[in-house]
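A short write-up of the structure that comes next.
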Amino acid sequence: MSTAQFGERVQRLADAKLVRGEGNYIDDIPLDGALHVAFVRSPFARAKINSIDCEAAREMDGVAAVYTSDDIGRLDIEMPLLIPHPSLTQARTQRPLARDDVFYVGQTVAMVVAVDRYTAEDATRMVDVDYEPLGVELDLEAAIQDDAPRVHADVPNNIAAHFVQTSGDPDGAFARAEHFTKIRVQVDRSTAAPLECRAIAARWDTVTEELMVWDGTQAPISVRGGLASILGLDEDKVRVTAPDVGGGFGQKVMLFYPDELLVPYAAMQLGRPVKYIEDRNENFIGSAQERTQIHEIELAATKDGEILALRDSFLHDTGAFIPYGIAIAQVASTSIAGPYRVPNIRVEFKAIYTPTVLITPYRGCGRPQACFAIERALDKLADELGLDRFEVRRRNLIRDDEFPYRRDGLVFADGLPVEHDSGQYGRALDMIAEHIDLVAFAEEQKAALAEGRYLGLGLGYYVEGTGLGPYEGSHIRIHPITGKVYVNTGLSCQGQGHETVFAQIAADQLGVDASDVIVVEGDTGAFDWGVATFASRAAVVSGNAIHKTAIKVRAQVLEAAANMLEAAQEDIVLEDGKAFVNGVPEMAVTLAEIATASNPLRYAFNEAAKTSTQFAPASKHDGPALAEGEAPGLEATDYYSPPHATWAYGVHAAIIEVDPGLCSIKFRRYICVHDCGRMINPTLVEGQIMGGVAQGVGGAHYERIEYDVDGNPRNANFMDFLIPYATEVPPVEILHLETPSPLNPLGVKGVGEAGCIPVGQVLASGVADALAPLGIGPLEHVPLTPDMIFHALGGEKDE
Amino acid sequence: MTRQIRKVLPRENSDPRREVSLTVNGEAVTRRVSTRLLLSDFLRHELGLTGTHVGCEHGVCGCCTVTLDGAAARSCLTLAVQADGATIRTIEGVAPSADVLHPVQQAFHECHALQCGFCTPGFINSVVCYFEENENPDLSEDSIREMLSGNLCRCTGYQNIVLAVRRAHELMTNGAEA
């Protein structure tokens, strides 16, 4: 392999075992004698617990133990507040098992451990809990009123946090503006719904006194730190591994879920492996969700459509607890101006408790809401001023010569400035306009209308701050026997293809094929410095750490090879797993030989090793085998810590056909122009985008978590919560733009979340365009369902 | 932790049990199982064939799809005792050998038709069954998508799975050289 692998469509290295069904997801790991967990969960959104009687459950055949908050010792605490923030004055977090109060339907009240899940579930029915239901308010705008029932008795108006950020002089700009556009938009609650629900297993080893935990988490190192701290163990005595994980999308970056503490605890108490495999219903009522925000956004503009200032005030539903802090609302706040040159911004939010499943980031993390708000407002501004939608955007997009563009005063979710580092925002818009062929579409739309068919063009522009710090690291070693390159990093993978793109990065420096690079991640036993997989950061933060580390190892290889080949380092070429003198490929040593020679040996355990033993001519030396300051082998560790987020962006458009009779929609075409900086592997980038768009289509039209007024979930299953099948998701035409990020050595930006961000806007604007001849009303609420289209067309509400 | 007296913990429940005999991936197996054991749990935990995944346990997601007496079936909606006497093929029985993939598996790999891989065995079983049942399959976009609409995927957006179906057909029609 002599050509660079960075940027190539290298086929995935993880696939071979997965297509054979030989992946190792947590419930696949054989654990002899494992006991299984099921939870007693609250049937009320808000209630006092008068008593819990577990006796009948404990006496059932096959039941090993039943725990309530009285039986879990040091775990009977409020779990950690992960991201404290000065504005978060009323932070409340959940207890592993409820004590005295329950705060949402699904909250864990007692834990049964039994021989299998069937028995454990039976036993949960035998636990008798006496509840005293309390009043609830789920509507965000009602929940902040003085007389609203409180989720937490000591939190007035249910407000967890109130935060205002300002950039420039919004009041001054509003005073001198010529035109004002104001709308209220709403995005409803959804859920990540990874196809593998959450899962955890644990085993306490009485010999080594080590706790082994298999956790389908996006954050194994963080889980390890928290577990050690809460259980009172040394960090080195806790190993957390995230093996194959069946999708995460943010839901699995949240820690701690009650089971993540209780399962290891039970394994230690009982002396048998214990596992909890969440079922689908539990994933809906027990694992975190996201999205509900209500924005009131106002633009101040000139008559020409130049935006002078923006004010946005929004309510953010945080569910019953706020363990992840204000991250989602803060991301929404700082993404609110989109790709536009808005010099004056005031953005304010209140994070509101509701007696519902807690809210933590789900792919997009506040960006879909912010995008929907600014883009809907921009469409309204265009309408009011009689401007074309493309033109109003063109007039406001940050110009190429304005990068880096800093929004002074706004602080991103990493605590660092909001600075759009690079891009070709105008070009992306031009590309999509050309690709659609607006003139041809206008004719097609007209012709269709003549036949009574309604076609519309949807358009949405998004930005995404990606690659957040604080840092990630990497360790690389070239194995002396096989010559294979082992790469470790602290993330875990949920299907993104880390093992392939990280291998490509290392392979380029070391002159090997990507398939000879073995990436091991998600295991604190292999590497335990770092944070987690979130915020579209893996390629940026771990990718650059691996790049920097590989450069160090390359230097070691060149130095050692130059010695072995008795040539100058500058003349050494690394290719095909070998080092040779430029122009003399027959004068070569393999990476395995170099690695072996770099490790002075006493014992020759194979042919190559002989060259490194004490009497071999090549390793003859007069002093110590390792000079002072030298280390054996070819091995290095390095880290990458970004100066701040790097901003990716893109624009989506769709041709949407609407049937005004059925109020049904059909995507005729879906087009995406995106820029995530330099692409490591375009095939995998496209995979991320297409998957993101599919989730976006779900959130735009199909998927909504529904609660009744008493706080009961109404669609906590796959029959009623509608995830799109292949029949609902359109093919995506993807156009790539590559503007390198100046912030990191590889010039990359994240792409994991991008696809889902603008889809709600694309659908709403497309339906509005299609049904404009029928005089459709405003579409400012997603998911935009058929009944909402019906109402916007003037249909009567069905009470 | 201070060493404590080992607890006496149960090893089994008191469920009624029955013997089942069936053929799985060409091999005859007989086991005594709880009468309420799901076929998916039987395959996974009794036989150790963990490639059959469980995504919803109510027959919607299709992750647990296996071939039962020649037809695609949801193993999470079937009891193990109902499969007495049946012939089952799981994902572990799809590839012809340890070195060679089935064309459908090969196509999924080539087309990047999987990401997390959790839904993949179910999809592959559905697609393999489809080709086995249809000598002249309709490979139009709409038809392929309709055929795939018994399986949910949360990662890929389905586009590459559609491509993989066409590619698999190509591989099966023209041989591995296609």
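Determine whether residue A:569 is in the same structural domain as residue A:606 (by TED's automatic domain parsing) and closer than 19 Å to residue A:17 by Cβ. The answer is no for residue A:569. Just a yes or no: is a residue in the stretch A:407-426 in contact with a strand residue (DSSP E or B) (Cβ under 7 Å, 6 or more places away or on another chain) and part of a helix (DSSP H, G or I)? Taking every residue of the stretch A:407-426 in turn, at least one turns out to be in contact with a strand residue (DSSP E or B) (Cβ under 7 Å, 6 or more places away or on another chain) and part of a helix (DSSP H, G or I). Of all residues in the stretch A:658-692, those that are more than 24 Å from residue A:543 (Cα to Cα), touching a Phe, Trp or Tyr at 6+ places or on another chain (Cβ under 7 Å) and aliphatic (A, V, I, L, M) total 1.
Within the stretch A:763-789, take every residue that is of a type outside the set (A, V, I, L, M) and free of Cβ contacts under 8 Å to residues at least 60 places away in the same chain and give me the one that is farthest from residue A:546 (Cα to Cα). So the residue we want is A:775.
Every residue, every condition in (1) at pLDDT 95 or above; (2) of a type outside the set (S, T, N, Q); (3) more than 22 Å from residue A:410 (Cα to Cα), yes or no:
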position	(1), (2), (3)
A:158	yes, no, yes
A:172	yes, yes, no
A:180	yes, yes, yes
A:190	yes, no, yes
A:193	yes, yes, yes
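Considering only residues in the stretch A:167-192 that are among the charged types (D, E, K, R) and outside any loop (DSSP other than H, G, I, E, B), the one that is surrounded by the fewest Cβ atoms within 10 Å (Cβ to Cβ) turns out to be A:176. I'm trying to understand the selection: among the residues of the stretch B:107-123, which are within 7 Å of chain A (Cβ to nearest Cβ) and in contact with a strand residue (DSSP E or B) (Cβ under 9 Å, 6 or more places away or on another chain)? Once the filter is applied, which keeps residues that are within 7 Å of chain A (Cβ to nearest Cβ) and in contact with a strand residue (DSSP E or B) (Cβ under 9 Å, 6 or more places away or on another chain), the stretch B:107-123 yields only B:121.
All of B:2, B:87, B:30 fail the test of being surrounded by 13 or more Cβ atoms within 10 Å (Cβ to Cβ) and not hydrophobic (A, V, I, L, M, F, W, C), apart from B:87. Of all residues in the stretch B:140-159, those that are at the interface with chain A (Cβ under 7 Å from one of its Cβ atoms) and part of a helix (DSSP H, G or I) total 4.
None of B:96, B:137, B:103 is under 17 Å from the mean Cα position of the chain (by Cα) and touching a residue at least 24 places away in the same chain (Cβ under 8 Å) except B:103.
Scanning the stretch A:474-487 for residues that are surrounded by fewer than 24 Cβ atoms within 10 Å (Cβ to Cβ) and part of a strand (DSSP E or B) returns A:475, A:477, A:486. Does residue A:357 meet the test of being crowded, with 22+ Cβ neighbours inside 10 Å and either more than 22 Å from residue A:692 (Cβ to Cβ) or among the basic types (Lys, Arg) (or both)? For residue A:357, the condition - crowded, with 22+ Cβ neighbours inside 10 Å and either more than 22 Å from residue A:692 (Cβ to Cβ) or among the basic types (Lys, Arg) (or both) - is met. Within the stretch A:84-105, not a single residue is free of Cβ contacts under 8 Å to residues at least 24 places away in the same chain and either crowded, with 20+ Cβ neighbours inside 10 Å or among the charged types (D, E, K, R) (or both). Checking the structure you have, find out if any residue of the stretch A:644-653 is within 14 Å of chain B (Cβ to nearest Cβ) and under 26 Å from residue A:365 (Cα atoms). Yes. Being without any contact (Cβ under 8 Å) to a residue 40 or more places away in the chain and outside the structural domain of residue A:219 (by TED's automatic domain parsing) is a property that residue A:450 has.
To keep it simple, each residue is scored yes or no on (1) under 28 Å from residue B:140 (Cβ atoms); (2) without any contact (Cβ under 8 Å) to a residue 60 or more places away in the chain; (3) touching a Pro at 6+ places or on another chain (Cβ under 8 Å); (4) more than 14 Å from every other protein chain (Cβ to nearest Cβ).
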{"position": "A:686", "(1), (2), (3), (4)": "yes, yes, no, no"}
{"position": "A:689", "(1), (2), (3), (4)": "yes, no, no, no"}
{"position": "A:700", "(1), (2), (3), (4)": "yes, no, yes, no"}
{"position": "A:731", "(1), (2), (3), (4)": "yes, no, no, no"}
{"position": "A:752", "(1), (2), (3), (4)": "no, no, no, no"}
{"position": "A:758", "(1), (2), (3), (4)": "no, no, yes, yes"}
{"position": "A:761", "(1), (2), (3), (4)": "no, no, no, yes"}
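The residue that is nearest to the other protein chains (Cβ to nearest Cβ), among those in the stretch A:106-149 that are closer than 30 Å to residue A:187 by Cα and part of a helix (DSSP H, G or I), is A:140.
The values are calculated or read from the model by the stated rules, or taken from the named source; none is laboratory data. In this text, all values refer to a predicted model and were calculated from it rather than measured experimentally. Note that each Cβ is placed from the backbone with ideal geometry, even for glycine, and that neighbours are counted across all protein chains shown.
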